[in-house]
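For reference, the structure I am asking about is given below.
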Amino acid sequence: MLTVSILDGYVDEPTCLGVPPYISPYPRYIAGAVWNHDHTARVVYRTIDQLRAEQSILEVFARSDLVVVIAGMAVPGRYLSGFPASPNELLAFFAGLKKPVKVLCGPSARYGFGLAGGKPVRDPRFVAAVFDLIAQGDGELIVAELLRNKLDVDRVDPALCRLNASMIRDSAVTGARIVEQHPFFPQYLITEIETYRGCPRSITGGCSFCSEPSKGPPDFRPESDILTEIAALYSTGIRHFRLGNQPCIFSYRAKGAGEVEFPEPNPDALERLFHGIRAIAPELKTLHIDNANPGVLARYPRECRRIAKSIIQYHTPGDVAALGVESVDPIVIARNNLKADANEVLSAVKLLNEIGSARGANGLPELLPGLNFVFGLDGESKDTFRQDYQFLQRIVDEGLLLRRINLRQVIPIPGTKQFELGDKLVKRHKHEFRRLKHYVRTEIDRPMLKRVVPEGTILTDVYLEIHEGKVTFGRQLGSYPLLVGIPGVLSLHQFLDVKVIGYGYRSITAVPYPLAVNTASLETLTALPGVGAKRATRIAARRPFRNAGELVQALDDPELGQKLLEYITVK
Ligand code: SF4
C-alpha cells in the first residue's frame, strides 16, 4: 500500500496562515492529490510539534514511500499554540531518513525560511542535503506528478504551478478529511480557506516587500468550488472557518481584476458566498475573514459597505479585517508602491467602524479593522515613525475602534524589490522601531483595548490553552483573537465564559463567569475587583456558602459584597 506522510511545519504568509489552531490549505490539497492518485493510499499527517514531542513518529516516516514537509514563515509572527519548524531541526530530524522520497514545499521552498522580522531568509539550499526535491511550485501538483512518475524526482518539474483555480477543485475536496488527524481536531481547529490567489496590484508590480504579485493577477475560485470544499470539511466535524487565503476579501471576484489596479468590488458574489456557507454549514461556530485592502475600501465605499453588511449578516462576531497599511509616510508609500495613503486608510477604518462596531453575541464587536505596519522599507526615515504614531493617535482621538495594531520589521523575500535593499533600514532604525513599539503598546493599545472590551464585558467560549505560573491563558477562536489571562490554574482544553476585570498592553485579565465561589482558587478570588489577598483568604475560609446573602455577610464591606454578586455564583 502506498504510504505518504505529511509533516506540517506550519506556514505564515501575507495571505495564508497555517499555525495551530489554523490548518492551511497546503496539507489538505496535498493529501487530496495523493488520494486522487490512489484512494487506498495511507496518508499520515503529523505536526512539527507532535514530532518534537514524540520522535517515534520518525519511524512512521521511515516506512513511508514519500514524506512531504510543509514549512515557511514569510511574515514574522508569534504563536501561542504551535512553533514553526526551523531549518536546523529539519536537518536534524531528516538526516537519518533513508527510504522515503522527501519533498519540501511551502514558502520555505519557494522563498527560503523566514527566521524573524528584519532578518534575511535562509536559503532553501540550506536543507537540500536531506530533501530529494525542493518544490518551488505548487506542492499538490508536484506530489501528483511524483506519484504518476513512480516517485522518480528527475522526471518532475519542481517549479510546476497551477494554471488556474480549477486545478485544485478536486484535491481541495478529497483532501478535506486529513483534518481529522490534526491534534486540535475538531473542536479547536480553524480551517484557512482560499478564495483566490494573486493580487490585482501585480499589474503595477505590487508592494515592494510582498511575494503575492509573483503569483500574477487574481485567479478566483468559483463560489461553488469553495462551498463544496467547505461542505467536505464540515462533514468531517469542522466548525471553524476563516476566509483568510487571499490578499483582499473585498476584492473577491472584483470586476476588472487583471486589467486595473483597484478593480470594482462585487457585493453580489460575496453575498452568494457568505450566504452559501451558512446554508451548507448551519451549525458552524466561527466564520471569519482576514485581509482587506484599504485602498479598495476607500475607492469603493458604496460597494464595500454592502460587502461588510453581508459579512456581518453571515459571519460570527469578533471578526477582523486586517488592513495592510505598512506606512503612512508619503515618501515610503511612493517608493514602495503601497496601496493607500493616510486619508484612504482612515476612511477604510471609519467605514468598518460604521458597519461593524456593534457588540455581538460573543462579547466582541462584530467586525473591526486591524492595522498592519511594516518597517525597514525604502524611503523610511526617523520621521516615518513619528508620522505613523501620529496617525494612530488620531484614530484614538477620533474615538474609533481598532482590534489590533501589528508592527513588524520586513523580511526581505527573494524576488521582491525589498530583497535588493535587504535589512539595511531595519538595522539603521532598530531603536526607533523599539521606541515606537513601546509607545504604541502603552499609549494606544491599552486605551483601545478598554474601548473594545470595557470592564465587565462577558466573553463567551474562551478556549484555555496554556499555563504560565499561576495564570491560565486562553483565547476565543477566530481571526486575531484576544489573549485572555485568567488568574488561577484551570484545566486546559476547555471552553469557558469569562468576565473582563483588567488590561495588559495586548491582553486582558478576566475571571470565569459566573465564578463558582465555593470552588474557585485563591488566585482567582484575589483577582476579583476590590477583593485582594486578605479578603480572598477570608472568603475561602468561610466556604461553602449556601446563598448569596452568606457571602455578603462574610465580607467586611456590604457594598463590595453586592458588587461581587455580578461575578459569582454560589451554586
Ligand atoms: S496589495 Fe500589496 S501587500 Fe497586498 S497582496 Fe497586493 S502586493 Fe501584497
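None of the figures in this text is laboratory data; all of them are computed from the coordinates on show. As the structure is a prediction and not an experimental result, all values here were calculated from the model. A quick note on method: Cβ atoms are made from the backbone with ideal geometry, for glycine too, and the neighbour counts reach across all protein chains shown.
Among 148-156, 382-390, what's the highest-first ranking by average C-beta atoms within 10 angstrom per residue?
Per-residue mean Cβ counts within 10 Å order the peptides as 382-390, 148-156.
Same structure, new question: So who's got an amide H within less than 5 Å of the one on residue 462, skipping anything under 5 residues away but keeping other chains? H placed 1.01 Å off N, in plane.
496, 497, 498
Can you figure out the FRET efficiency of residue 569 with residue 272, using R₀ = 41 Å and their beta-carbon distance, to the nearest 0.05?
0.35
Give me the distance between the Cα centres of region 109-167 and region 457-535, rounded to whole Å.
43
Spelling out what I want: for every residue of region 358-363, take phi, set θ = phi - 60°, compute 6.51 cos²θ - 1.76 cosθ + 1.60 (Karplus), and round to whole Hz; glycine and proline get x.
After applying 6.51 cos²θ - 1.76 cosθ + 1.60, I find 5, 6, x, 5, 8, x Hz.
Once the Cβ-Cβ distance between residue 381 and residue 420 is put in as r, and R0 is 25 Å, what FRET efficiency do you end up with, to the nearest 0.05?
Computed FRET efficiency for residue 381 and residue 420 comes out at 0.85.
For the Cα atoms of the chain, what angle does the longest principal axis make with the long axis of helix 25-37, in degrees from 0 to 90, nearest 10?
50
A further question on this structure: With the crude spin-label approximation of a point 7 Å out along Cα→Cβ, what separation in nm comes out for residue 214 versus residue 438?
3.7
Still on this structure, I have one more. Using a 7 Å offset from the Cα along the Cα-to-Cβ direction at both residue 264 and residue 428, what is the distance between the two label points in nm, to one decimal?
My value for the distance between the label points is 4.3 nm.
Report, to the nearest 10°, how far helix 342-356 tilts away from the longest principal axis of the Cα atoms in the chain, using its own Cα long axis and a range of 0 to 90°.
Compared with the principal axis, the helix lies near 60 degrees.
Let me ask another. Using the Karplus equation 6.51 cos²θ - 1.76 cosθ + 1.60 (θ = phi - 60°), what ³J(HN,Hα) coupling, rounded to whole Hz, does each residue of region 179-186 give in order, writing x for Gly and Pro?
Each residue of region 179-186 in turn: 4, 5, 8, 6, x, 8, 5, x Hz.
Right, another one. May I ask you to list the residues of region 251-284 whose amide nitrogen lies under 13 Å from a point 7 Å from Cα along the Cα→beta-carbon direction of residue 302?
Within reach of a label on residue 302: 265, 267.
Pop a pseudo-label 7 angstrom from the Cα along the beta-carbon direction at both residue 62 and residue 522 and give the gap in nm to one decimal.
If labels sit at residue 62 and residue 522, their model points lie 5.0 nm apart.
Shifting gears a bit: Straight-line reach only, C-alpha to C-alpha below 14 angstrom: list the aspartates and glutamates that residue 470 could link to, leaving out same-chain residues fewer than 8 apart.
Result set, ordered by chain and number: 523.
Could you name the lysines in cross-link range of residue 150, using Cα to Cα under 18 Å and dropping any fewer than eight places away on the same chain?
98, 99, 102
Mean separation of Cα pairs under 8 Å and 6+ residues apart, divided by the residue count of the chain: what relative contact order is that in percent?
Value for the chain: 11 percent.
Grab the Cα-Cα distance for residue 546 and residue 343, subtract it from 0.36 nm times how many residues apart they are, and report the gain in nm with one decimal.
67.2 nm
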